[in-house]
Amino acid sequence: MSKILNLSNQRQANLFKRKRFNRAQSIAEFGPALWLMFIGILFPMLSLGTVVIRYSIFHTTAYMALRNAVQSRTFLNNTSNGSGVTILSALNAARLTANNFQKGFTGINFNAYSNNLQLYIVMVTQPSPGVYNEYTYAANSPLTTTSSQQAIYNLKIVLNGTINPVVQLPNNFFGNIPGLTAPLPLVATNQMIFDNSVTGLMN
């Protein structure tokens, strides 16, 4: 009987030791597992989410810059309302809007007052029913002559720039990967009808 009790006690002791060992092993493995989960799952998701948000802001910048541009009275030169208030031209309104977006959000890079922001006049004519011709004038240049045909005049914006990852990793380890170890280059385009008189596009 005593042998049976001793054997039972020994089994219980071995079971208790095994449980303590498994618990200690789990605690020891928890740190590296948590670190690997952060590096392998959480950090890539955070980095990808940041790139997607900045991508959306970049395209919104181009849209809002063009939206303000088509509401201007002129294309190239600022005008005045007669009371000393300056009314921005389409090009300057687009540049100012884009520049304000860049100042308001981090990780978005372009210089709106350079060739990174280009505004085009696009003339669409209809020589015959169902037939449309499109002509694009030089970037940031006003309209020289109007069409003798019935035409629609649009403004088109092309915005070039880059967005930064939330943490830019060293490229000597991962290589040159845009959006991870290097800024991600982007081009945003949009086109809208010019709201005001066509003669304003010539100024």
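Some points to look at:
- Top-ranked residue of region 127-168 - restricted to ones that are over 27 Å from the mean Cα position of the chain (by Cα) and aliphatic (A, V, I, L, M), ranked as farthest from ASN116 (Cα to Cα): VAL131
- Residue count for region 79-90, restricted to those that are surrounded by 22 or more Cβ atoms within 10 Å (Cβ to Cβ) and touching a helix residue (DSSP H, G or I) at 6+ places or on another chain (Cβ under 7 Å): 1.
- Any hit, region 33-51, residues being modelled with pLDDT of 65 or more, surrounded by 10 or more Cβ atoms within 10 Å (Cβ to Cβ), in contact with a strand residue (DSSP E or B) (Cβ under 7 Å, 6 or more places away or on another chain) and within 30 Å of PRO185 (Cα to Cα): yes
- Answer from LEU159, LEU91, LEU155 - the residue that is in contact with a His (Cβ under 9 Å, 6 or more places away or on another chain) and outside any loop (DSSP other than H, G, I, E, B): LEU159
- When residues of region 103-144 are limited to those that are small (Gly, Ala, Ser) and outside any strand (DSSP E or B), the one surrounded by the most Cβ atoms within 10 Å (Cβ to Cβ): ALA112
- Flag for LEU96 being touching a residue at least 40 places away in the same chain (Cβ under 8 Å), touching a helix residue (DSSP H, G or I) at 6+ places or on another chain (Cβ under 9 Å) and surrounded by fewer than 22 Cβ atoms within 10 Å (Cβ to Cβ): no
- Scanning region 45-88 for residues that are in a loop (DSSP other than H, G, I, E, B) and of a type in the set (A, V, I, L, M, F, W, C) turns up VAL70, PHE75, LEU76, VAL85, LEU88.
- Residues that are more than 24 Å from the chain's Cα centre (by Cα), polar (S, T, N, Q) and over 14 Å from ALA69 (Cβ atoms) within region 81-126 comprise ASN81, SER83, THR86, THR125, GLN126, listed in sequence order.
The values are calculated or read from the model by the stated rules, or taken from the named source; none is laboratory data. Predicted model only: the values in this text are computed from it and were never measured. Virtual Cβ from ideal backbone geometry, glycine too; neighbours counted across all protein chains shown.
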